[in-house]
Every structure is written in structure tokens, then in C-alpha cells.
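The values are calculated or read from the model by the stated rules, or taken from the named source; none is laboratory data. Computed from a predicted structure; not experimentally measured. Here the Cβ positions follow ideal geometry from the backbone for every residue, glycine too, while neighbour counts run over all protein chains shown. For accessibility, only protein heavy atoms count, side chains too; no ligands or nucleic acids. Shrake-Rupley method; radii C 1.70, N 1.55, O 1.52, S 1.80 Å.
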Amino acid sequence: MPNAPTPHIIEGAVVRSHVPMTERLLDRAFALAFRGLVYAQIWEDPVVDMEALDIQPDSRIVTIASGSCNALSYLTADPAQVTAVDLNTAHIALGRLKIAALRHLPDHDALRRFFVEADNRRNLADYRSLIAPHLDETSRRYWEGRDLAGRRRIHGFARGIYKRGLLGNFIGMAHLIARLYRVDLKVILEATSLEDQRRLFDERIAPVFDKRFIRWLTKQPASLFGLGIPPAQYEALAGDQRMATVLRARLERLACGFSVQDNYFAWQAFNRGYGRAPNAPVPPWLQADNHQAVRDRIDRMTLSHTNFTDHLALQADASLDRYVLLDAQDWMSDAQLTALWSQITRTARSGARVLFRTAGEPTILPGRVPDEILSRWSYSEEEARELIARDRSSIYGGLHLYRFKG
């Protein structure tokens, strides 16, 4: 059963003790914002993840849950076990909702209406009769409770859940600001080719990043809280460039790097939800062809409201072989990184792999994790460049794969 909200857990992971007070206050503000729902949909590409992880029938995966989309999508690769951990109570409640829906909604059409359309009032009836009776008390209390605006959280699935949460609100604000400059971000989705996408981005969207207000706004670390970027990650993302320049480049890649007909991340960013057409792109776990397989394997997935390192500390030596850290290491101190990689190395079986993303392009581990630990893992910069080039979410600078030497 998920634990009750424990704000100190998130603060312990985010708030830096070694920085000036003004920066610690920003850290605390981010921790406060991060207690609620952040991601209704995860923003890491599960397809490139599964290619990099090379999931086998005996693979035992530990991943950060976030929106749980990728943990569920990994089931399409037929692993032995998937454990999703998260410090955020809302994310655990979302994952448990998705699991209950997969188990108890009658068919793929009902699942699609609930999580793809996600704005149909029939979803509330399905929740009450088919899902809620199978939820644990904590998750049910979360969904039937009210958010800061006084809305019952479960009503998000009748009014557009992807427009809610920290990221949903951030994307909504981006659309609002764009409209102030007479730009409709949805225009990208009308493109019929990559060339058309490029033309629309260059002509309509790119000039917004040159506006004085946008340059000022993106200089404020708090402006990126909605992307799930804490102050500690802000500098890594910016590097030696203006943040407006960095964000323009990331959005350019999302708008122009992949066909919008195949990229559900682009639909989430430019449409604030998935496309409605039957062939519109969706994550693997929501695809009709995968529905029965995911449903049959759902008992292999578990969720835990805990810290990644603390979870590993409870596992046996040489008992796991796939680790997915998302971008959480960007938040960590050297001591936290060392503790994490000590547990990863202790629990790793022969052939284990670790996959993670970074705001900046380079891997952050050399010089921060002791050589006696890191030397037991192999890493290729060329492979990292190839992986990030295929990540359709397009918001990260680096995607890194480490292989255990044993």
C-alpha cells in the first residue's frame, strides 16, 4: 500500500544543504511544487529505452515510475519483473490507477477512452464501478480527493488529464504565451512532411524565443519547475548558453526531428493531449496490438513509494539486471550518487545495464562516483550520441547506457 504523503522525503532528495540560502529556498519551492501530480504522461521514450536495455525473459527491471507509462510499456518486451519506485505519492496513485484499469476495464476501447481521450464523462462511471473497488485505500483517497483548485482529481479523466499536473499546466501556459504573440502551437500538427514541420517552426514558432519577455522569463529557474527541472538541474541544462536558446533548440528537435504522425510526445506538447484518430501515435502500453500482452503480464509489475537507493538496499546481491534512472541523478550530490551506484553495483547480475538521461549532453558520473565503482562498468560516448538522437521526447541533452563488466 502506498504511504501517506511524506514531504520530507522529496525535500531530502531535492534541497541542497551546501548552497546559499537563496538557492535552498528555490529548492524548497520546487519540492513543494513536486508533491502533487507532475507528469500525467512520462517524458522519456520507451521505444529507445527498450532497444538500449535489450530486455530478456529473465530481466528484472527497477525504474523510476513517474507517470508509469514506460514501466507498463516495458511489459511488451516480456521481462520477468518490473518494479517502479517513486517519491511522489501522486505518481504512485496514478500508476496504481493504470494497473487497476488494465485489469478491470472490459476491453481496449474502454482503456483508450480513459487514457487516450481522457476527457469523456463515461470514464467517471467506469472509475466508480470498475476501477475504484480495486484500488487500495490511499490511491482511492487521492483520486477522490480535491486538488488546490477544489476539483476532484478523478474528474481530470473527464476533462483532460493531460492538461493538469505541473507539466500540463506548464504546457498550457506556454500555449497561452504563444497566443499572446498570435502563434497557435497546434499548427505543427497540421504538417504533412518533415519539410512542412521545419517551415512552420521556422516561420511561426522560432521567432517567439527572440522576444525580450521570453528571454527574461526563461532566465528564472522557477519558470522551469513545470518541466520537472529543479534549480540544481537548471545550470546543467543551460550550460554556457541562454536558457531561451537551449529551450528553442529542444523544441525545434521535437517539432522538426521526427514526423508528428509517429511522435506522441509532439502531440502532448502541441495538442495538450493525444490525437483522436484511431491511428494516432500513443505509448506502447496503450497500443491495441499490445493490450492483451500487457494485461496478461500486469502481475509482473509492482509499485513502491520509496527512494531508488533505499529500495535497492533491500534487495539481494546480484539479483537485478536492468535499472532506469530517468534524469534523477541530475539532482544528486556526489555522496548520493556514490550511495546509489554502490547499491546498483552490489545488486547487479552479469550483463546488467543502467540507462539514464541528463539535462546536459555529457555523462555526469566520472569524477563524482569513485573509480573503484565506476571501473566495473563500461560506457560508450558514441553509443550515447546514437541513443539520444533516437529519443523522440527531445527534451534531454544526453541518454547514457552503462553495462556491467561483472
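I'm checking my understanding of the structure. Among residues of region 272-307 that are of a type outside the set (S, T, N, Q) and touching a strand residue (DSSP E or B) at 6+ places or on another chain (Cβ under 7 Å), which one is surrounded by the fewest Cβ atoms within 10 Å (Cβ to Cβ)?
Among residues in region 272-307 that are of a type outside the set (S, T, N, Q) and touching a strand residue (DSSP E or B) at 6+ places or on another chain (Cβ under 7 Å), the one surrounded by the fewest Cβ atoms within 10 Å (Cβ to Cβ) is R300.
Just give me the residues in region 376-406 being closer than 30 Å to R253 by Cα, of a type outside the set (V, I, T) and part of a loop (DSSP other than H, G, I, E, B), in sequence order.
S380, D391, R392, S393, S394, Y396, G397
Sort out for me the helices (runs of 4 or more DSSP H) sitting completely within region 18-111 that have 2 or more residues that are in contact with a strand residue (DSSP E or B) (Cβ under 8 Å, 6 or more places away or on another chain) and at pLDDT below 95.
It comes to none.
Any idea how many residues of region 277-294 are of a type outside the set (A, V, I, L, M) and within 22 Å of the chain's Cα centre (by Cα)?
Looking only at that region, the number is 7.
Please list, ordered by first then second residue, the pairs with beta carbon atoms under 8 Å, 6 or more apart or interchain, first in region 324-350 and under 17 Å from G367 (Cα atoms), second surrounded by fewer than 18 Cβ atoms within 10 Å (Cβ to Cβ) and modelled with pLDDT under 95.
S333/R16; S333/H18
Exactly one of these conditions fails for T138: (1) in contact with a Pro (Cβ under 6 Å, 6 or more places away or on another chain); (2) surrounded by 21 or more Cβ atoms within 10 Å (Cβ to Cβ). Give me its number.
Going through the list (1) in contact with a Pro (Cβ under 6 Å, 6 or more places away or on another chain); (2) surrounded by 21 or more Cβ atoms within 10 Å (Cβ to Cβ), T138 breaks only (2).
Going by the conditions given, is M332 crowded, with 20+ Cβ neighbours inside 10 Å, over 23 Å from S73 (Cβ atoms) and within 20 Å of the chain's Cα centre (by Cα)?
yes
Go through the residues of region 309-329 one by one and say whether even a single one is in a helix (DSSP H, G or I), open to solvent by less than 20 Å² (accessible area, probe 1.4 Å) and within 24 Å of P221 (Cβ to Cβ).
Within region 309-329, one or more residues are in a helix (DSSP H, G or I), open to solvent by less than 20 Å² (accessible area, probe 1.4 Å) and within 24 Å of P221 (Cβ to Cβ).
Inspect region 85-105 for any residue being of a type in the set (A, V, I, L, M), within 21 Å of Q287 (Cα to Cα) and surrounded by fewer than 19 Cβ atoms within 10 Å (Cβ to Cβ) and give the result as yes or no.
no
Anything in region 345-375 that is over 16 Å from H400 (Cα atoms), open to solvent by less than 40 Å² (accessible area, probe 1.4 Å) and assigned to a helix (DSSP H, G or I)? List them, or say none.
T345, T347, I373
Taking only region 261-280 into account, find how many residues are farther than 17 Å from V48 by Cα and not in a helix (DSSP H, G or I).
10
List the pairs whose first member sits in region 164-177 and is farther than 15 Å from G67 by Cβ, whose second member is surrounded by fewer than 19 Cβ atoms within 10 Å (Cβ to Cβ), and whose Cβ atoms are under 7 Å apart, counting only residues at least 6 apart or on separate chains?
Here the result reads G172/K163; G172/R272; H175/R272, each pair linking region 164-177 to a residue that is surrounded by fewer than 19 Cβ atoms within 10 Å (Cβ to Cβ).
So D147 passes all but one of these: (1) out of contact with any strand residue (DSSP E or B) (no Cβ under 8 Å at 6 or more places or on another chain); (2) in contact (Cβ under 8 Å) with a residue 60 or more places away in the chain; (3) farther than 21 Å from V294 by Cα; (4) buried (at least 18 other Cβ atoms within 10 Å of the Cβ). Which condition number does it fail?
Only one criterion is unmet by D147, namely (4).
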